[in-house]
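Read the structure below first, then the notes.
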Amino acid sequence: MVDNALKKINVRRFIVFGCILLFLFCFKEYLSLFLLTSIFSYLAITLGSWVHQKTHLPEKLITFFLYVIALFLLYLVGSNFLPLFFDQVKELANYLYKTVPNLKFSPDINRYLDEFIRTSDFTTHIQKGISLSLNYLTNIGSSIMTGGLAIFLSFIYSFTRNETKKFGDEIVASRYGVIFSDIHFFFKKFVLILGRVMETQLIICTINTFLMTIVLSILGFPNLIVLTSIIFILGLIPVAGVLVSLVPISLIGFSIGGIKMVVAVLILIACIHFFESYILQPKLMSKRANLPVFYTFVTLIVSEQLLGAWGLIVGIPIVLFILNILGAHVDPTENKEILDPTIKEEQE
């Protein structure tokens, strides 16, 4: 009975997929490590393959130097950029602290603000803010450790990819190798979709950040390093990241030039977003799967509740992966058939 179930491709893959979900749920605390390792491995292998095609150097040598360069860049960022970043955060906080109280509002708004300040329990809010800040510091330390371990694991996998593949082929050749073949099928498809979406989002985010930095510099915004970092990080969140980044930019714009500056910023950001949505994204996404805006927001809301902050970044790839597996939404770069030729022969 078990052998008959294993021979039925749809039933077998449904069972294997359910077991994978159960396994990931049981070890969900390692989800960040798995996702980061997958992303770093995809980027390293993709970039390494491109360099190998251009130079014909050994792949292991290319992988080694890629990670050496990446670690050197991380060192430069940590030693030079981060101190400057924190200095600008302090400057920006002092700037807002000095300018916002001196802004001139209408009498109705002033009365509302006075009433809000008088009735609000600021002591409780300050205590909550301190507690939240301590939690963030703890999470930052944990995230650094997870990121470092993910870089190490991705390097080991990328460097020993051929040996790992040979070992996997031996497992697939075993009696119940079809199960491991299905696991490989799902993980390979998920990593490819995740990598393609993240790669495209990184390109779009970089171009968008570059254009936004030029606009904010022309408008005379202070502390561009902080604002650029905020725009880039939030830009990794599809659609919603642009809207969230409007809050700090609008606040600073209002402190600089009042409502006129806010309107100018919103118009310029709308122009950049129009360029991103109707010119840049269709061009870069032409060979990638895409979702309508409504489904994008629903996916982000649900995935954030289920996966936390990671859900905002990987929620879209997960949905595209599930739709791809169901055959409802196939990646245009791949064959329209969900099943690969070896599986089709097995079915026959």
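Since every read-out is calculated from the coordinates, none of them should be taken as a lab result. Nothing here was measured: the structure is a model prediction, and the numbers come from that model. All Cβ positions, even for glycine, are placed from backbone atoms using ideal geometry, and neighbour counts span all protein chains on display.
Worth pointing out:
- Among the trypsin sites (Lys or Arg not before Pro) in the range 159-222, those placed in a DSSP loop whose Cβ has at most 14 other Cβ atoms within 10 Å are Arg175.
- Relative packing of peptides 313-320, 55-62 - highest average C-beta neighbours within 10 Å first: 313-320, 55-62
- Between Cys271 and Ile225, the distance separating the two model label sites (each 7 Å from Cα on the Cα→Cβ line) works out to 2.9 nm.
- Along the range 297-305 the Karplus relation, 6.51 cos²θ - 1.76 cosθ + 1.60 evaluated at θ = phi - 60°, assigns HN-Hα couplings of 5, 4, 4, 5, 5, 5, 5, 5, 5 Hz to successive residues, with x for each Gly and Pro.
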